[in-house]
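Undergrad: The structure that follows is given in the form of C-alpha cells.
The values are calculated or read from the model by the stated rules, or taken from the named source; none is laboratory data. Because the structure is a prediction, the values reported are computed rather than measured. When we count neighbours, we look across all protein chains shown, and the Cβ atoms used for this are built from the backbone with ideal geometry, even at glycine. For accessibility, only protein heavy atoms count, side chains too; no ligands or nucleic acids. Shrake-Rupley method; radii C 1.70, N 1.55, O 1.52, S 1.80 Å.
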Amino acid sequence: RGNSDVRTSVPQPAVVSGTGAKQPPVGGPKRLAKTASVDLSAFFMDSPPSEEDRAVWVGATRNSPAHANGPVLDDDILGQPEIRQLLEQNSGSVQKELDICNTDRSVGGRIAGAIARKHGNYGFHGELNLTFSGSAGQSFGVWNIQGVNLRVIGECNDYVAKGMCGGTIVVSPHSDSTFKAEDNVIAGNTCLYGATGGEVFLNGRAGERFGVRNAGCHAIIEGAGDHLGEYMTNGIVVSLGRIGRNVGAGMSGGLIYVYDPEDQGLLMNELNAQNVFRVTSEAGEQQLRDLIEKHQQQTGSVLASTILQDWQNALGRFWQVAPASEQGRPEVSPTTTAEAPAAAAEPQQQQRAVVAAALRP
C-alpha cells in the first residue's frame, strides 16, 4: 500500500531489529491460566499467502469506492419503481413495510441524500412512509429529511436521528410485548447528535447523551441515561420517565421538560440549577401538552395516556430546563406585559431553590 502524507506524518511502530531491540521473554510469551487451554491456531495461516493471492484481494479493496459498504437496504428501497416515481414527480405518497436487522446501518441516509440532490433540504413535497420491523443498526434515520417518515417496530441502536433535519422517526415495541415500555431501553446512546429539525418519538427509554448537540429537533422519550440535552443549542426534548445525572451540561439553547412525579429533582451542575423552573406559563403548558398528545398518537404510549388523563396534577410535576438565552420566551416566562417581570421573579426564584435543594446529598 502506498504511503500518504497523513500516514507518513504519523510516527510508526518501531521495528524489532539490531542489538538494541527488546527481546521476547525467555520461554516464550507469558501464558495466563484462564487462557492456557484456548487454541487459536486454526484461525491463522500456516504460511504467508502467495503474492498473487495477496494482490487479488488488496487490489480489489484498493480499487473499490472509498468507504463503500456495498449494496445496502437503502439501495433496495430507492430501486423500487413507485419510490423512484415519487422522487421524480415530487408529489404523492408511498407506504412500504420492510424487515430490518442490526447490520442495516445508517438506514435512511442514502434516501435523504437522493432526495436532497433532487429537491434540496426542504423542497420535497411528497411523502414517503417506511415501517421497519426488527432491530435497526446504528445511525437509523441519519440525515432524515422533510417528507420522510420512518417507523421501527422493535428497537434501535446508537445514533438514532443523527443530523436529522426534517420528517419524523417513531420507535415502538412490538404490540405483543409483555414488558412496560417506559421501563425498557428502546434506543441506544447519542441520539439526535447534531439534529436540526424534524420530530422523534420513542416509546421507551433512550441511552446516554440523548439530544447531544440538538439544534432544532423536537423529541419525546420515556426516560434516558446521563447527560440528557448535552450541548443543546435549540429544539425541545421531553422526557416522561426518569433520567440520569448531568442534565443540560453545556446547554445554550432549546428547552428540556422532565416529568418527576416523585419530586426527586434533577441531578445537574450547581450553576445550571438556576436554569430550572416549573411550567408556569400558558404557552409552556400548551407546548408541552401538544407534544405529549402527539407522542401518544404516534406510539400509543400508555405512560403518555396516564399523564394526559391526570393533566392538572401531572403538569405541576414537570421540570423545565431553560438556559439564559431562552428565559424570555413565552413558554418559560409567565409574564405578558412590561410591568410583569418583577412580580414573576419571586416564584421563579422559589422554583430554583426547590431544584437546588433536591441536588444536595
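Undergrad: Scan the strands (runs of 3 or more DSSP E) fully inside segment 113-230 and keep the ones with 3 or more residues being open to solvent by 20 Å² or more (accessible area, probe 1.4 Å) and closer than 22 Å to residue 102 by Cβ. It would help to see each step written out before you state the result.
TA: On the way: elements: 127-136, 148-156, 168-172, 199-202, 215-221.
Counting at least 3 such residues, we get 127-136, 148-156.
Undergrad: Restricting to segment 74-94, count the residues that are under 26 Å from the mean Cα position of the chain (by Cα) and more than 16 Å from residue 129 (Cβ to Cβ).
TA: Total satisfying the criteria: 2.
Undergrad: Do we find that residue 293 is more than 24 Å from the chain's Cα centre (by Cα), more than 11 Å from residue 319 (Cβ to Cβ) and of a type in the set (Asp, Glu) in this structure?
TA: Details: more than 24 Å from the chain's Cα centre (by Cα): no; more than 11 Å from residue 319 (Cβ to Cβ): yes; of a type in the set (Asp, Glu): yes.
So residue 293 does not fit the description; no.
Undergrad: Continuing with the same structure: Within segment 231-243, which residues are open to solvent by 20 Å² or more (accessible area, probe 1.4 Å) and of a type outside the set (A, V, I, L, M, F, W, C)?
TA: At the first step, the residues of segment 231-243 found to be open to solvent by 20 Å² or more (accessible area, probe 1.4 Å) are 231, 233-234, 242-243.
Passing the criteria: 231, 233, 234, 242.
Undergrad: Name the helices (runs of 4 or more DSSP H) wholly inside segment 242-361 in which the number of residues that are closer than 19 Å to residue 216 by Cβ and at pLDDT 95 or above is 2 or more. So that I can check it myself, show each step before the final result.
TA: Working: elements: 282-299, 302-309, 311-315, 341-359.
Hits in segment 242-361: 282-299.
Undergrad: Moving on to the next point. How many residues are in contact with a Ser or Thr (Cβ under 7 Å, 6 or more places away or on another chain) and assigned to a loop (DSSP other than H, G, I, E, B) if we restrict to segment 92-112?
TA: The qualifying residues number 4.
Undergrad: If you don't mind, another one. List every residue pair whose Cβ atoms lie under 7 Å apart, where the two residues are 6 or more positions apart in sequence or sit on different chains, the first residue falls within segment 167-196 and is within 13 Å of residue 218 (Cα to Cα) and touching a residue at least 60 places away in the same chain (Cβ under 8 Å), and the second residue, located anywhere, is among the charged types (D, E, K, R) and not in a loop (DSSP other than H, G, I, E, B).
TA: Here the result reads 168/199; 170/151, each pair linking segment 167-196 to a residue that is among the charged types (D, E, K, R) and not in a loop (DSSP other than H, G, I, E, B).
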